[in-house]
Amino acid sequence: MTDPLVKPKKKNPVERTRLPTRPPAPRSRAAQGLTRAAAEGVFEMQTCGDCGALQYPPREVCHQCLSERLVWKDADPRGTLIATTVLRHSNDLYFRERLPWKVGTVKMAAGPSVVAHVHEDCAEGGAVRLALKLDRSGQAVLHALPEKDTPNMNDAPQLRESTCDPKFRRVLVSDGKSAMGLAVARAMLDAGANAVFLGDPTSWKTVKAFDALVASDPRVQPVELDVTDTDSVDRLAASIGGKVEILVNTAAYLRDGGILGRKDVILARDAFEVNVLGMMRLAQAFGPGMGFRAADGSNNAVAWVNILSIHALAALPARGAWSASMAAALSAAQTLRAEFAGAGVRVMNVFPGPIDEEWEQLTPPPKLAPAAVAKAIVQGLQGGLEDVYVGDIAEELRTRLRENHKAVERELGQ
Amino acid sequence: MSAPRTRLGYDGVVAVMPVTIPYARYSTRSAHWWLGRALGELIRGSGLAKAAVDGVCVSSFTLGPDTAVGLMQHLGMSPRWLDHIPMGGASGVVALRRASRAVQAGDAEVIACIAGDTNHVDSFRNTVSQFSRFAQDAVYPYGAGGPNASFALLTDHYMKQYGATREDFGKLCVAQRENALRNPHALMKKPLTLAQYIDARPITDPIHLFDCVMPCAGAEGFLVMTEERARAMKLPFVRIGSTIERHNAFPDDPIQFRGGWAMDRDALYEHAAVAPADVDFVETYDDYPVINMLQFEDLGFCAKGEAPAFVREHDFTIAGSFPFNTSGGQLSVGQAGAAGGYLGMVQAMRQLTDSAGATQIEGARVGLVSGFGMINYDRGLCSGAAILERGQA
Ligand SMILES: [Zn+2]
């Protein structure tokens, strides 16, 4: 049984901070199929489109019939743990600092044998289920997990290396006065966060729900933060930058309006100011500190969360300026992901459909409750995901994009 | 379907001139230096002119970016037959196999088979981190930066499946160390007791310190030529009774508990017209003790799963009931990269030409050399074996 995680002690300020190291990152292009599945939290294996053989490690052709028609398909994650070992020595710096480390051979019910990280609650000879997760290099690895959930299983140090669980971590919610910001803060508290820094972009304005949340839980600390103001962002980073382990950027600017029907770019500029430049300001102020603390104990800095929109992937012309800012934000997030990769801080992008909030008043249902998006964010962090699609509309649009993105363009334009 | 074709014998082809370039734990030299010295020893020792060596067969992990081709210019050789065998622990057997057929067919007259590697302070790490694509994709990310974890997994499985104990593995290691104390080339110079073996620090459960070979620098070599030439040059020679090789055997086994020998051993003994009982000594590839047990079983000295009992019954020292790894094996001599795949071959040649010095087995007539190599992902892929026989009475 996994020992429950102990709340981390206050850090001794003169103690050296352990610098981040990464597990080996190189992979063949074929193996990146595993990464795509892990990033979205699904379990897929390379499968032959002709004979149906499932294979691992990934190859260029089918090891049975030599067909080149290889596809990635949902696979049965069940297997038997037929051998285990505990590494007590490693030449690799990352593992050397984390010994002992348990790995094993799992004979998959679907065919092949795989080498996997082994959860401490798995018994040799017993049934396990495999999961694809991203490691601190951002690359996919297999974890053998107990067949059924066990108490505190997410607290196991090896598994926690692949996840970004809010438990005992400190979270900055950049805009805590929006419905989304409040929902995210509540979800983080429920998930066991040690502290929530609740950003307040409008200290001159009273928002009852904000005040109520601050009053309800001593873990909530209101902080002044306006992502459109570089000084404001820098001031906050100087004050709490070393304590932020998960940053959820809830600052958002959503307005209706396309491009041709206007004579100015004020709307577009405002959207970019918050949605794109705001993210960049936060990243420049908080990113380096988070990277520095990416291996700092059990409450190391782990995740940067961007709440985007499914329209980051396909413009909604009725909100053309805003859509463009979402696409730009997605592009910036991809750069952040590359820039954070060296430290191992995960960049998680959230792609919801329309959300039930004031600026979506005229959008017909289905609309997502902010609490539902917040829940998906917590689950994404606990699962260690990189891309989270929330709600039926987001899922549907994504499927349609895969089928025919030209058709989606035409249909969204109507 | 037509009847299976009969394999030709190795009549008229012999192996001569086993050479060892004494190993060093670390070396500042490159692989070219070690391989060049081995070739030099072969030429000087045999009395051949350099140009008379018209075939070369090379194995090395650390020769990069060169291959055997670049090495030929480096060494000033112009062979008409050249092979590069990247098969690790199976390289010695496979080199003998390839070279003997080339000489037999007349494609070359004299083939120098050489294997060697250097070992810089950090080269073991570099070699393992670039070993194979499957290892890169599916082993290194799990902390197993090297073969220890892969062998730990199959050792764990073998122990649970067949009841082998650490004492059984220890008995083999202790016997090999005893043999090594008679071999001046062995890097391990101190006796090893079973208690020391058992108490050694764990590396990767159930692998402990003395289950692991020590990487080092070194080179080995031998010549393949016609019997007629060997007689004319008065070089002591060994005959090749039979050889086998196999790659990626039993791919559907969920974890390795047998090697390719199990597919080919009947052919091995039949072709040489000998039985396991006729074999006077065995030189296995011993990168980890469990692999010795696989070889005892798969080469027919006992049935599958019975190697632990076989180990308990026998004495594996030079004067014992089952003389085995008489040089001390890689576990006690050191693992000089690809030269580790030649260690058993040159030792067997010495045994069969009465040049094994203090490790000599009285009157050895038939020896078995076995090779195993290349953990590409989760298991060793190459296996091979050769039966060698005393040339001159
Ligand atoms: Zn196929």
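The values are calculated or read from the model by the stated rules, or taken from the named source; none is laboratory data. Source: prediction; values computed, not measured. Positions of Cβ are backbone-derived with ideal geometry, glycine not excepted, and every protein chain shown enters the neighbour counts. The area values use the complete protein model at the heavy-atom level, side chains included, leaving out ligands, DNA and RNA. Shrake-Rupley method; radii C 1.70, N 1.55, O 1.52, S 1.80 Å.
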Ordering of A:94-102, A:135-143, A:59-67 by packing [mean C-beta count within 10 Å, highest first]: A:135-143, A:94-102, A:59-67
Would you grab the residues whose amide H sits under 5 Å from the one on B:HIS208? Only those 5+ places off in sequence or on another chain, please, with H modelled 1.01 Å from N. B:ILE203
Kirkwood Rh and Cα Rg combined as Rg over Rh, evaluated for the stretch B:163-269: 1.07
Can you tell which of A:PRO366, A:PRO157, A:PRO352 shows the greatest fluctuation in a Gaussian network model of chain A with Cα springs below 10 Å? A:PRO366
Nearest-20 debye value, the stretch A:172-322 charge dipole, Cβ charges on Lys, Arg, Asp, Glu: 300
So how far, in whole Å, is the C-alpha centre of the stretch A:314-356 from the one of the stretch B:130-152? 35
Three-way shape label, chain B, alpha-carbon gyration tensor, a/c 1.5: rounded
About the Cα centre of the protein assembly as shown, how large is the charge dipole given +1 on each Lys and Arg Cβ and -1 on each Asp and Glu Cβ? Please answer in debye to the nearest 20. 1260
Once ligands and nucleic acids are excluded and a 1.4 Å probe is used, how much of B:MET374 is accessible, expressed in Å² to the nearest 10? 40
Among DSSP beta bridges lying fully in the protein assembly as shown, give the percent that are antiparallel, nearest 5. 60
Output the antiparallel fraction of DSSP beta bridges having both residues in chain B, as a percent to the nearest 5. 75
Across the Cα atoms of the stretch B:294-352, what radius of gyration and what greatest pairwise Cα-Cα distance (Dmax) are found, in Å? 12.6, 32
Rounded to whole Å and sorted largest first, list the principal axis extents of the Cα atoms in the stretch A:32-161. 42, 30, 26
Which of B:ALA195, B:ALA186, B:ALA307 moves most in a GNM of chain B, Cα contacts under 10 Å? B:ALA195
Show which lysines lie in cross-link reach of B:LYS234 when reach means a straight Cα distance below 26 angstrom and same-chain residues fewer than eight apart are skipped. B:LYS50
Averaged over the residues of A:90-97, the number of partner chain Cβ atoms within 10 Å of each residue's own Cβ comes to 5
Roughly speaking, what % of Cα-Cα pairs in the stretch B:1-151 are separated by over 28 Å, rounded to a whole number? 30
Where only C-alpha atoms are counted, convex hull volume of the protein assembly as shown per residue in Å³: 196
Sequence-distant or interchain residues sharing an amide H contact under 5 Å with B:GLN335, placed H: which? B:MET214, B:CYS216
Let me know the mean shielding of B:251-262 by other chains, meaning the per-residue number of their Cβ atoms within 10 Å of its Cβ. 2
Counting partner chain Cβ atoms within 10 Å of every residue's Cβ in A:375-387, what's the average? 0
Over 19 Å (Cα to Cα) among A:LYS9/A:LYS243; A:LYS7/A:LYS177; A:LYS167/A:LYS243 -> A:LYS7/A:LYS177
Can you work out D for the stretch B:209-350 in µm² s⁻¹ from Stokes-Einstein, where Rh is the Kirkwood radius over C-alpha pairs, the temperature is 10 °C and the viscosity is 1.306 mPa s? 95
With an 8 Å cut-off on Cα pairs and a minimum separation of 6 or more residues, tell me the relative contact order of the stretch A:170-413 in percent. 19
Give the peptides A:170-178, B:347-355 in descending order of average Cβ contacts within 10 Å, highest first. A:170-178, B:347-355
Can you grab the distance from the C-alpha centre of the stretch A:227-253 to the C-alpha centre of the stretch A:121-136, Å, no decimals? 37
Alpha-carbon centroid distance for the pair the stretch A:153-219 / the stretch B:271-341, whole angstrom: 63
So how do B:90-96, B:236-242, A:253-259, A:77-83 stack up, highest first, on mean other-Cβ count within 10 Å? B:90-96, B:236-242, A:77-83, A:253-259
I'm a student and want to see the number: the projected area of the Cα convex hull of the stretch A:261-411, averaged over all directions, in nm². 10.2
Everything considered on the Cα gyration tensor (a ≥ b ≥ c; rounded for a/c under 1.5, else prolate if a/b is larger than b/c, else oblate), chain A must be described as oblate
Kindly work out what percent of the DSSP beta bridges joining two residues of chain A are antiparallel, to the nearest 5. 50
Checked against a 20 Å limit on the C-alpha separation, the offending pairs among A:LYS107/A:LYS133; A:LYS208/A:LYS367; A:LYS73/A:LYS133 are A:LYS208/A:LYS367
Lone cysteines, chain A (no partner Cβ under 4.7 Å): A:CYS122, A:CYS164
